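Shown next, in structure tokens, is the structure this report addresses.
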Amino acid sequence: MDISPPTSPLWIKVVLGAMLLTCLYAWEFWPSKLPSVPPSPHYSVLTNSREPITPLPLEPPDLDQGKVALGKKLFNELKLSHDNTIACASCHQLDHGGVDAKKYSRGIYGQLGNINAPTVYNSGYNFRQFWNGRAATLEQQVDGPVNNPVEMGSNWTEVISKLQKDPSYAIKFANIYPDGITAENIRDAIATFERSLITPNSRFDKFLRGDTKAITPKEFAGYQLFKGYGCISCHQGSNIGGNLYEKLGIMRPYFKENRPLTEADMGRYAITRNLEDMHVFKVPGLRNIALTAPYLHDGSVPTLEQVVRIMGEHQLGVDLPTEDISEIVAFLKTLTGEYGGNPL
């Protein structure tokens, strides 16, 4: 009589195999295993194409330079606002990391917005625009502030009328667009300029390309912790984020019952009215993150140390040790790049 143990069903073997692989991966990157000051030979493991973060291209994208120049002029043009006081550059200041360093930006007549202005740098790498992802392209994004009564408070008929009265704009548009000054062409020029706003050659990019002296052991340890704790699951790729949606408060609720919710707090739900999208936001890219405080959609967090602690608690369900936070912040500071060949 055959007394050998029964054969396990195939699905059980598959599940057990997957669990084993997960455990092995977690053990490999578990923070307690990682030295706070790793020896320099460890650097070589990052100089390959398998890393979840990839460097930005050193050369700017191949764009129509006429459109870039016109878009830059329009990006700084106050005539886009109803009272001629607000330009795109008012909230997205290129000499301040592409933001205005305010919790909420102010629009025409000093009106206060209800959400933190994200950086315009590297925005061409985002898969959607705005915190709630309501615009699919940079061109669509331009419509938002121009027509928002709190921001620019204008409309395309008014904007076009103003620009048509400026002979320099008539010439510039005619040289590029056969149909001259139109809403579509204004959007196209501004979006083209914004796609030129890439910030390559950060110290971490240099490190990924093989310069082992570009970052310190502490910064390297911070990157290993960044991966080991799981931050990399939402912040990866060339923009280190900006390519997916995620709920704010996966492991522990971020929004407290005694905190009144705003429409901005609703995230994707404000667009879809699907309860599963409540508090779901586009994950921001982390390039130049050291320059773009305050943080989160509500601009409520003034420092990198605080936002790393909050992300650990609410997104990962981990109370991060102070030393680990310090090392992760050190890594994040290596992500500041260059614009036009000059350090930001």
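The values are calculated or read from the model by the stated rules, or taken from the named source; none is laboratory data. Because the structure is a prediction, the values reported are computed rather than measured. Reconstructed Cβ throughout: ideal geometry from the backbone, glycine too, with neighbour counts over all protein chains shown.
For the range 172-196, give me the residue count where each residue is of a type in the set (A, V, I, L, M, F, W, C) and out of contact with any helix residue (DSSP H, G or I) (no Cβ under 7 Å at 6 or more places or on another chain). Walk me through how you get there before you give the answer.
Residues of the range 172-196 of a type in the set (A, V, I, L, M, F, W, C): 173-174, 176, 181, 183, 186, 189-191, 193.
The next check asks that each one be out of contact with any helix residue (DSSP H, G or I) (no Cβ under 7 Å at 6 or more places or on another chain); those that pass are 174.
Selection size over the range 172-196: 1.
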Among the residues that make up the range 150-171, is at least one of them touching a helix residue (DSSP H, G or I) at 6+ places or on another chain (Cβ under 9 Å), among the charged types (D, E, K, R), within 18 Å of Gly285 (Cβ to Cβ) and in a helix (DSSP H, G or I)?
no
Determine whether Thr216 is over 29 Å from Trp131 (Cα atoms) and modelled with pLDDT of 95 or more.
yes
Out of the residues in the range 205-226 that are over 22 Å from the mean Cα position of the chain (by Cα) and in a helix (DSSP H, G or I), state the one that is nearest to Lys333 (Cα to Cα).
Lys218
Gly144 being touching a His at 6+ places or on another chain (Cβ under 6 Å) and closer than 17 Å to Ala117 by Cβ:
no
Quickly run through the range 157-202 and pick out the residues that are surrounded by fewer than 21 Cβ atoms within 10 Å (Cβ to Cβ), over 17 Å from Gly66 (Cβ atoms) and β-branched (Val, Ile, Thr).
Thr157, Ile160
Exactly one of Gly210, Gly222 is small (Gly, Ala, Ser), assigned by TED's automatic domain parsing to the domain that holds Phe331 and surrounded by fewer than 16 Cβ atoms within 10 Å (Cβ to Cβ), and that residue is Gly210
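Somewhere in the range 274-296, is a residue of a type in the set (S, T, N, Q), surrounded by 19 or more Cβ atoms within 10 Å (Cβ to Cβ), more than 22 Å from Glu51 (Cβ to Cβ) and outside the structural domain of Asn122 (by TED's automatic domain parsing)?
Initially, the range 274-296 is screened for residues of a type in the set (S, T, N, Q), giving 274, 288, 292.
The next check asks that each one be surrounded by 19 or more Cβ atoms within 10 Å (Cβ to Cβ); those that pass are 288, 292.
Of the ones still in play, those that are also more than 22 Å from Glu51 (Cβ to Cβ) are 292.
Next, from what is left, pick out any that are outside the structural domain of Asn122 (by TED's automatic domain parsing): 292.
Within the range 274-296, one or more residues are of a type in the set (S, T, N, Q), surrounded by 19 or more Cβ atoms within 10 Å (Cβ to Cβ), more than 22 Å from Glu51 (Cβ to Cβ) and outside the structural domain of Asn122 (by TED's automatic domain parsing).
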Say whether the condition of being at pLDDT below 95 and not in a loop (DSSP other than H, G, I, E, B) is met by at least one residue in the range 97-107.
no
Taking the range 104-129 and keeping only residues that are under 17 Å from the mean Cα position of the chain (by Cα) and surrounded by fewer than 18 Cβ atoms within 10 Å (Cβ to Cβ), one is left with Phe127
Restricting attention to the range 99-149, the residues that are under 19 Å from Leu286 (Cα atoms), out of contact with any Asp or Glu (no Cβ under 8 Å at 6 or more places or on another chain) and of a type in the set (S, T, N, Q) number exactly 5
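Just checking, does the range 141-164 include any residue being assigned by TED's automatic domain parsing to the domain that holds Ala89 and touching a strand residue (DSSP E or B) at 6+ places or on another chain (Cβ under 7 Å)? Spell out the reasoning first.
Just the residues of the range 141-164 that are assigned by TED's automatic domain parsing to the domain that holds Ala89, to begin with: 141-164.
From what's left, touching a strand residue (DSSP E or B) at 6+ places or on another chain (Cβ under 7 Å): 141, 144.
Yes, because at least one residue in the range 141-164 is assigned by TED's automatic domain parsing to the domain that holds Ala89 and touching a strand residue (DSSP E or B) at 6+ places or on another chain (Cβ under 7 Å).
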Do you know which of the residues in the range 234-273 that are over 20 Å from Gln129 (Cα atoms) and free of Cβ contacts under 8 Å to residues at least 24 places away in the same chain is surrounded by the most Cβ atoms within 10 Å (Cβ to Cβ)?
Leu261
